[in-house]
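The block underneath contains the structure these notes are about, expressed in C-alpha cells.
The values are calculated or read from the model by the stated rules, or taken from the named source; none is laboratory data. Not measured: the values here are computed from a predicted model. Heads up, the Cβs are rebuilt from the backbone with ideal geometry, glycines too, and the neighbour counts pull from every protein chain shown.
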Amino acid sequence: MTAVSHKYEKLPPPGGVLGADGAHGVSATGVSAAGVGATGVDGAAGLEGASVGELTAQLGSQLSRLVRDELALAQLEAKQRGKKLGMGAGLLMVAGVLGFFGACAGVTAAIVALAMELRPWAAAIAVMIALFLLAGLLALPALLLFKSRKPAVPADTLDSVKSDVAAIKAAMHK
C-alpha cells in the first residue's frame, strides 16, 4: 500500500460507498469504491496506449480527487481535535467550579481564623491582599503558556499535502 493511499483509510467513503474489501475508505490496492481509474492512484497499467487527451483527463480527475480527499482529511483531523478540546474544556469548567467553592470555604476559614487575633475587617483585608498576590503570581506563567501554544491547524494534513505536491513535481520531471 502506498503512503498516499494509506492516509485515506481514515476517511469516510464518498457517498457512503464501501470499499472493495467491504470496509470504509480505500481498499488494500489503493482504489476506493468511487475509484480514480482501474489502476488506482499509482498504477501505470494501460497508460502505454492512452492518448495525451486521455492522460490529461485522467490527471485532472486524479488531482481533483486528491484535493477533495485532502480537504476531507483536514476536516476529519479538525473534528477529532475539536472533540478532544471540547471534552477537556468541559472537565476543566467543572473542576473550576468545584475549586471555586473550595476556595471560598478556605477564604472564609482563613478570615475567621485571623479574626480571632485581629479585627474582622482587618482579617478580611489581609486575606484579600494575600489572594491578589497569589493570583498575580499564577497569572504570569499562565500568560506565558498561552503565548507559546501551537496554532490550531491540521499539521498532519498540511505535511501530507506538501509531500503530495513534491511527489507530483518529481513525477512531472521524469
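With of a type in the set (A, V, I, L, M), in contact (Cβ under 8 Å) with a residue 60 or more places away in the chain and either in contact with an Asp or Glu (Cβ under 8 Å, 6 or more places away or on another chain) or not in a helix (DSSP H, G or I) (or both) as the only criterion, which of V153, V161 stands out? If you could, list the steps in order and put the result at the bottom.
Working: V153 fails: in contact (Cβ under 8 Å) with a residue 60 or more places away in the chain.
On inspection, the qualifying residue turns out to be V161.
For the condition touching a helix residue (DSSP H, G or I) at 6+ places or on another chain (Cβ under 8 Å) and of a type in the set (G, A, S), what is the one hit in A110, A170? I'd like the intermediate steps shown before the answer.
Details: A170 fails: touching a helix residue (DSSP H, G or I) at 6+ places or on another chain (Cβ under 8 Å).
Criteria check complete, one pass: A110.
Give the residue, chosen from G53, G86, G60, that is more than 30 Å from V165 (Cα to Cα) and either acidic (D, E) or assigned to a helix (DSSP H, G or I) (or both). I'd like the intermediate steps shown before the answer.
Values: G53 fails: more than 30 Å from V165 (Cα to Cα); G60 fails: more than 30 Å from V165 (Cα to Cα).
Selected residue: G86, the only one of G53, G86, G60 that is more than 30 Å from V165 (Cα to Cα) and either acidic (D, E) or assigned to a helix (DSSP H, G or I) (or both).
Going residue by residue through the stretch 1-14, is there one that turns out to be part of a loop (DSSP other than H, G, I, E, B), at pLDDT 80 or above and not basic (K, R)? Show your work before the answer.
Step one: of the stretch 1-14, the residues part of a loop (DSSP other than H, G, I, E, B) are 1-2, 11-13.
Checking which are at pLDDT 80 or above leaves us with none.
Checked against the condition, which is being part of a loop (DSSP other than H, G, I, E, B), at pLDDT 80 or above and not basic (K, R), the stretch 1-14 yields no hits at all.
Which number in (1) farther than 17 Å from T108 by Cβ; (2) among the charged types (D, E, K, R); (3) surrounded by 10 or more Cβ atoms within 10 Å (Cβ to Cβ) marks the one condition that R119 misses?
Here R119 meets the rest and fails (1).
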